[in-house]
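Bear in mind that the values in this text are calculations on the coordinates, not laboratory data. Since this is a predicted model, take the numbers as computed values, not measurements. We place every Cβ from the backbone using ideal geometry, glycine too, and count neighbours over all the protein chains shown.
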Amino acid sequence: MSTLHSHQRGHLVYAARGVHTGRGTSIVPANRVAWTPAGFAHRHRAHGRTDMRILFLPAPLARLLPEEPAVFSATALARAALLTLTGPRVHDADAASFNRGPLARVRRVLVDELRIADEQPLNLPEPRDDRLRVLARMLYEQPADNTPLPELGRAIGASARTIGRLFHDELGMTFYQWRTQLRIYHALVLLADGHDTTYVAHACGWANPSHFIATFTSIIGSTPGRYRSGRERDDTTA
């Protein structure tokens, strides 16, 4: 994991294979592109056999993208542009070619593509309330824990109703929505490490693998099997 840092230029991060996570936590599987504007403190962590590509943008292009960090769907055109702009051809190009020649035009096409792409955040926000922080730590360590919410509440000294209110007020989601995001995050990491779908389903709290597959596919846009095999890019069309 990298240390917390920031850059003077905004940058895009694309995991051509695997998954990476950022501060907060923003989860970026291999069919999405993360945007971090200049000056935002962040860190990256790669999971599995990740091929991470990073592209810094000049200020005129960066101003065309959101002022806050964002995650976009990666269309076929955006993926091709990112791979071109971070591949061997760039290392052989001179500054003029990269800033004013064909590669500069590819970079502009990439930004234009991201401007019309759907934002697809997959975030795992960190709670501030001490009780929620204890609860979050428990579930980080045991994502398969299916203890009922009232019982979890008793363990941290809060009622189920209080926990529900805190999740809504602090994180803008229900406890169950947050727990699902947590489990999908763990599932992505386990899949990137090569574990099969059935193992991942049980390790992340799903008794029925088919329910896990349905939930994973609805959120990620690819089945766990396709994602694990590195064919998740086939599930996103231009």
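Amide hydrogen proximity for Glu126: with H placed 1.01 Å from N in the peptide plane, the residues at 5 or more positions away or on another chain lying under 5 Å are Thr25.
Just to verify a number: FRET efficiency for Asn146 and Asp193, C-beta to C-beta distance, R0 = 35 Å, to 0.05?
0.95
Only Lys, Arg, Asp and Glu count, each charged at its Cβ (+1, +1, -1, -1), so figure out the dipole size of the range 117-228 about its Cα centre, rounded to 20 debye.
Values: 11 positive and 12 negative charges, 45 e Å.
The dipole magnitude comes to about 220 debye.
Spin-label model, Arg9 to Asp118: label points 7 Å out along the Cα-to-beta-carbon direction sit 3.1 nm apart.
Stretching Ser229 away from Tyr176 to a fully extended chain increases their span by 16.2 nm, per 0.36 nm per residue minus the current alpha-carbon distance.
Let's test the formula: R0 of 41 Å, r as the Cβ-Cβ distance of Val109 and Thr162. What FRET efficiency results, to the nearest 0.05? If you can, show how the numbers build up before the last one.
Working: r = 50 Å, r/R0 = 1.22.
Here the calculated transfer efficiency is 0.25.
Taking amide H atoms as placed 1.01 Å from N in the peptide plane, the amide H of Arg53 lies under 5 Å from those of Tyr14, Ala15, Ala16, each 5 or more residues away in sequence or on another chain. Note on Arg100 and Arg137: the model spin-label points, each 7 Å out from Cα along the C-beta direction, lie 5.7 nm apart. Entry note, the range 130-235: relative contact order of 22 percent, from Cα contacts under 8 Å with a spacing of 6+ residues.
Could you tell me what % of all Cα pairs in the range 97-238 have separations over 26 Å? The answer is 41 percent, as a whole percent.
The string of couplings for the range 111-116 from the Karplus curve (6.51, -1.76, 1.60, θ = phi - 60°) is 5, 4, 5, 5, 5, 9 Hz, one whole number per residue in order, with x for Gly and Pro.
How would Ser159, Ser73 line up from fewest to most surrounding beta-carbon atoms within 10 angstrom?
Working: Ser159 12, Ser73 16.
Ordered from fewest to most neighbouring Cβ atoms within 10 Å, Ser159, Ser73 come out as Ser159, Ser73.
Within the range 172-231, the proportion of Cα pairs with more than 14 Å between them is 49 percent. For trypsin sites (Lys or Arg not before Pro), the sites in the range 119-225 that DSSP calls loop and that have at most 12 other Cβ atoms within 10 Å are Arg128.
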